[in-house]
Structure formats: C-alpha cells, structure tokens
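Accompanying notes for the structure given below.
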Protein chains: 2
Amino acid sequence: MPRKQTTKTPPRRPDSDRAHSSTVEDYLERILELINTKGYARVVDIAESLQISQASVTNMVQKLDAEGLLNYERYRGMILTTAGQTLALNITRRHQLLTDFLGLLGLEDNVIYRDVEGMEHHISAPTVRAIEALTEQLKRQPALLERVRTAAQQ
Amino acid sequence: MPRKQTTKTPPRRPDSDRAHSSTVEDYLERILELINTKGYARVVDIAESLQISQASVTNMVQKLDAEGLLNYERYRGMILTTAGQTLALNITRRHQLLTDFLGLLGLEDNVIYRDVEGMEHHISAPTVRAIEALTEQLKRQPALLERVRTAAQQ
DNA sequence: AAAGAAAGTTAGACGGGGCTAAGATTATTT
DNA sequence: AAATAATCTTAGCCCCGTCTAACTTTCTTT
C-alpha cells in the first residue's frame, strides 16, 4: 500500500447540525400522539408505546424538560412546551407524509411503518416539500401508480 | 391523571431485527468506494472520508473483521469478505437510488447528500423496489416532474 | 542506513440511551 | 384508613461509537 498524502486526523464537525437526536424526536412524537388520543402522556404509556422500560422514559423525560421541550413535574405528569409542540408536530407531519407517500406506492403497512419510523428523522424541509408536491401529482396519475405497484410487486 | 390499566414494563425486542447498525453500513460503503476508486482502503482514508479519527476507524475495522465483514491485517490493510461486499453493494445501491430519485425531484445536491446519508439505512427491500419502479415511471413524465419541481420550489 | 514523517494502534475516557433492581409515591380496593 | 396495586424514580451498570494522548510500525528522504 502506498503512502504519502495529506494526513492528520481531521477536525470534528460540531453536532449543531441536527439540533435534536432521532431519539428525542421519537419521544416527542409519541408524547404528542398520546396527548392527542388520551389527553395525557404518562411514563408508563410512553414506555409501552416506545417499547422501552419506564426507567428509561423517566430519564429521557427529565432530559427533555431540561432542554425546554416539555414541562415535567415529578410523579405528576408533563406537557409539551411550545418548542416541544413545534418539534412534535414537525416530525408527525413528516411521518404522515412518508406514510401517505409509501402507501401510494402500494407497499404493505408493516413495511411502511418500519421504514417510515427510520426515515422520518432524516428528511429535510426541502425534501418534505418535494415529496408533498410529488404525492399531489401522483394522486392524479392512477395509471402510473398502477404501473409502479405492478412493477414493484417483486 | 388516571391509573388502572395493563401495566408492567414490556419485554425488550431483540436487536436481531437489523443485523448491522447504520454505522457499520456507513463504514462498508466508504470502504467499498475507496477500494473502487483508489484500489485500497486505508485507515487514514476511511477516517478522512467519514470525518472521524483514525483511532475510531481502527476500532471499528477490528470489529468488522471480527464480524466477518472484512479481513483485516494489523498495520497492513483490509479487504472486504463476500459478506462485506454484499452489504456494501446493497447500501451503495440504496444510496444511488435515493440520490437519483431526489435528484429527479429537483432538490439541491447538498440537500440530497445529507438526506440520503440518513435515509439510506432505513429503506427496506420492498421500498427500494417501489422507488425504483417509481423512478422509472417518473423519467417518462417530464411534465409531471416539472410541476413537482415548480411546486416544491417553496 | 539513519532520521524524519506518515500511518496505524492501544489505552483510557466519555456521552447517549438503554437496562434491572430496589425504593418512593400515588391510586385503588377492601 | 389500611392494604394492595400501579406508577414513577433513583442508583448503578452496560454497550456503542467516538475521542485524545501516547506509542509502534511502516514509508520516504537524505
């Protein structure tokens, strides 16, 4: 193997790129969903929804409180702050959009669910807009969609 | 807040769901790319490509060797095993597909790059097929694409 | 063939996010 | 109002993937 070349370990890129981790987005999404459906989000419900232990939820909720994404009162409950709501709505919107889009392509629900769960954290605003626009157009092209579904069917 | 309900912390889901982490996929993808372009993948190059320290690369490469994804010889170099190649090709294909697809929608290169980098790890085989089929169809619909691009342009 | 430079490795630490076990608090039964 | 059940919290641990500092090996120069 040859040598010689610009070397040296490169400088680290700061993580201010995405303000919040996928994990944080997941929590907020579920919390909002619980609030919308049951009126409140309890630790036990969040744990159930995310399939993790209650202890982990308590930990994270305390962190989310510290980050100003929700107001949390020990043993009592939590509500989303404006910042938290904004984030939760944002991720929810991305989730819904991707779900609709993949549904249009004829994918199975469980496949959609899994893929969306992963992708939703990595789709930027411009891409959201583009896929929204595409979805709009596709809805008016049933013949095209039919061809896609057929072709994709293994 | 109400109580009463099925309780108990749920059982953990085993991580055998996705055999390899996004991180592993990222490494393999870069290693394959380096091998294809320069003929070999050195620790220093992988580090540069991934923007992480050489030490981290050495660590991971040893782990990839242990997992049978590549054969690694201390101080000397590495080559992908068949398993490693398969995985690398697979992720590369997903990367390319997503890049093409988003490109079709008229998104900017840097946006595409960032989003694809994140999404490529979360797109299952069926979804790959569906997007492939969709891409095929879209290429034949310049007018539709034009409408999408225009609409997406904020 | 030294000496210096580049590349690679090891050791030890750290943050994120998960877990279990045990204890504290709140709600529900009796 | 006890007693019991459900929920929540804390403490301590673990794994992953990253880092820095120091050291070793290999390559390039001279």
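Miscellaneous remarks
- Check on B:S56, buried (at least 17 other Cβ atoms within 10 Å of the Cβ) and more than 9 Å from chain A (Cβ to nearest Cβ): no
- Residue match in region A:132-139 (condition: closer than 27 Å to A:T23 by Cα and surrounded by 21 or more Cβ atoms within 10 Å (Cβ to Cβ)): no
- Failed item, numbered, when B:A19 is tested on (1) more than 16 Å from DNA strand C (Cβ to nearest atom); (2) at pLDDT 95 or above: (2)
- Flag for A:T150 being away from chain B (no Cβ under 12 Å), of a type outside the set (G, A, S) and surrounded by fewer than 18 Cβ atoms within 10 Å (Cβ to Cβ): no
- Inside region B:68-110, residues that are surrounded by 14 or more Cβ atoms within 10 Å (Cβ to Cβ) and either within 14 Å of chain A (Cβ to nearest Cβ) or polar (S, T, N, Q) (or both) make up a count of 22.
- Filtered by the rule that a residue be surrounded by 16 or more Cβ atoms within 10 Å (Cβ to Cβ) and without any contact (Cβ under 8 Å) to a residue 60 or more places away in the chain, region A:27-43 gives A:Y27, A:R30, A:I31, A:E33, A:L34, A:I35, A:A41, A:R42, A:V43.
- Condition check for B:Q96: in the same structural domain as B:G118 (by TED's automatic domain parsing) and under 19 Å from B:H121 (Cα atoms): yes
- Exactly one residue among B:L145, B:L102 is free of Cβ contacts under 8 Å to residues at least 24 places away in the same chain and aliphatic (A, V, I, L, M), and that residue is B:L102.
The values are calculated or read from the model by the stated rules, or taken from the named source; none is laboratory data. Quantities reported herein were computed from a predicted structural model and do not represent experimental measurements. FYI the Cβ positions are ideal-geometry reconstructions off the backbone, even for glycines, and counts take in every protein chain you see.
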